[in-house]
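First comes the structure, then the notes that go with it.
The values are calculated or read from the model by the stated rules, or taken from the named source; none is laboratory data. Since we're looking at a predicted model, the values are computed, not measured. No Cβ is skipped: glycine too gets one built from the backbone with ideal geometry, and neighbour counts run over all protein chains shown.
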There are 2 protein chains.
Amino acid sequence: MVTASGSLRQLPLRDRRRAQTEREIGEAALTLFEQRGVGATTVDEIARLAGVSPRTFFRYFAVKELAALAPHRELENQFGEMLDGLRADRPVLPQLEAFWTDMLRRLDNGRSDAGRQLLRMRRLMCAEPSLRQAANRLDNPRADELVGQLAGIVGDEDHLGVRVLLSAAGAPVDIALDTWADATLSGLQVDLVAIYERCRSVLHDAVRA
Amino acid sequence: MVTASGSLRQLPLRDRRRAQTEREIGEAALTLFEQRGVGATTVDEIARLAGVSPRTFFRYFAVKELAALAPHRELENQFGEMLDGLRADRPVLPQLEAFWTDMLRRLDNGRSDAGRQLLRMRRLMCAEPSLRQAANRLDNPRADELVGQLAGIVGDEDHLGVRVLLSAAGAPVDIALDTWADATLSGLQVDLVAIYERCRSVLHDAVRA
DNA sequence: CGCTAAGATGGCAGTTTCTGCCATGTTGGC
DNA sequence: GCCAACATGGCAGAAACTGCCATCTTAGCG
């Protein structure tokens, strides 16, 4: 239960504990979802496995599906941080695409730590519509923030432009991750970055044609 | 209660009745959602207003939000029908875009019947995340069908290409509808088709750059 | 015209999700 | 060592959904 006391200081103990239980609940949820599916898993079971009360579970996650989406939130957070460093005087789309190429490369086809976690979640998502559902629920308000943030940077009054750009940059990523997760489910050896590049090519070719 | 018996034959009485109650429940839901919001409306209330039992409500709609999304389903159905007539020997994206331009024009800025209904729903959607959520829930499985359908037509093995195309065609529509509904909420006079064209321009310019 | 199978509806019981409230600990700063 | 803030658990209860059964209407068929 006690985390190594001589490690990362930075955050007060309380916050580290909170983050820790959040991870534990998430891990419990992911495990049970993989074993018997999302629908057949109750919050009570997740809570029991994580060693907390059901009431506490709902203090961490509004709905049970969200417990399994930590890697997804992580990606969004990093995307948000990147936006701050964006060059407003250059074309935006290539910069967004460069970020994603870099990010996906860092997943190392599921061999890095973050990659393994994300792959696990994405595989589950392919078989569980309710998980994708929950991811959307997470994305929608977050996307609004990002739109506002980016609109401030590039100076887009009605946000229409940045919304199109964010969608054009995001859709290929989403499709690539899906295709990737689905391929690995079949035991295939595929390269995530290559898939992403193919998605981008299709988009670019189709629009240019 | 009894529908005009001398009217539209075509469908057996039972089916017409079913469609009729579906509309009545939908109308009841939309009205209550507009009045007091989705969260503050219970299924019992919707059912009472529509003159059916709560049990019956759930035979028509799995979750209460779906009751308000009839116009959304209608759009998807028409899109699906259009796909069948697609020319496989020509660029796909322009054909999809032409369909949407045509479809949005037919909404006549909310003056046509379909337009009024859709505008009503989309306005609600801007203020109610749970409605957008439900629309996504509706879209995801439907999108899979459409992907399969289109992949069969253009001959795309792994579906990656058509997924990108459908997303590239669909996102501008979605953004345009949102922008449109939001603008009319502020009492502005805007042209939906013009907004859509702007969305497309942004996409095309960004990708070409 | 009647008979029957299929579909539509309602009621009821039961599970699950999710929320508000309060009581009890635990932590962090002073 | 003391007090305020936070974390947790338990409990009660609303609301969302599901399965089952009983009843009624419709559609097809001899």
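Summary table
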{"item": "Unmet requirement for residue A:52, which otherwise passes all of (1) within 16 Å of DNA strand D (Cβ to nearest atom); (2) in a helix (DSSP H, G or I); (3) aliphatic (A, V, I, L, M)", "result": "(2)"}
{"item": "Residues satisfying the stated conditions in the range A:44-62, i.e. within 11 Å of DNA strand C (Cβ to nearest atom), buried (at least 16 other Cβ atoms within 10 Å of the Cβ) and hydrophobic (A, V, I, L, M, F, W, C)", "result": "A:46, A:47, A:57, A:61"}
{"item": "Residue satisfying condition, being assigned by TED's automatic domain parsing to the domain that holds residue A:149, within 30 Å of residue A:43 (Cα to Cα), surrounded by 15 or more Cβ atoms within 10 Å (Cβ to Cβ) and touching a residue at least 60 places away in the same chain (Cβ under 8 Å), within set A:104, A:124, A:93", "result": "A:124"}
{"item": "In the range A:137-154, the residues that are crowded, with 16+ Cβ neighbours inside 10 Å, closer than 18 Å to residue B:167 by Cβ and within 11 Å of chain B (Cβ to nearest Cβ)", "result": "A:139, A:143, A:147"}
{"item": "Selection from the range B:59-97 of residues that are within 14 Å of another protein chain (Cβ to nearest Cβ) and assigned to a helix (DSSP H, G or I)", "result": "B:65, B:66, B:92, B:93, B:94, B:95, B:96, B:97"}
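Conditions tested, residue by residue: (1) surrounded by 14 or more Cβ atoms within 10 Å (Cβ to Cβ); (2) in contact (Cβ under 8 Å) with a residue 12 or more places away in the chain; (3) touching an Asp or Glu at 6+ places or on another chain (Cβ under 8 Å); (4) within 11 Å of chain A (Cβ to nearest Cβ).
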position	(1), (2), (3), (4)
B:156	yes, no, no, yes
B:161	yes, no, no, yes
B:164	yes, no, no, yes
B:180	yes, yes, no, yes
B:195	yes, yes, no, yes
B:203	yes, yes, no, yes
B:208	no, no, no, yes
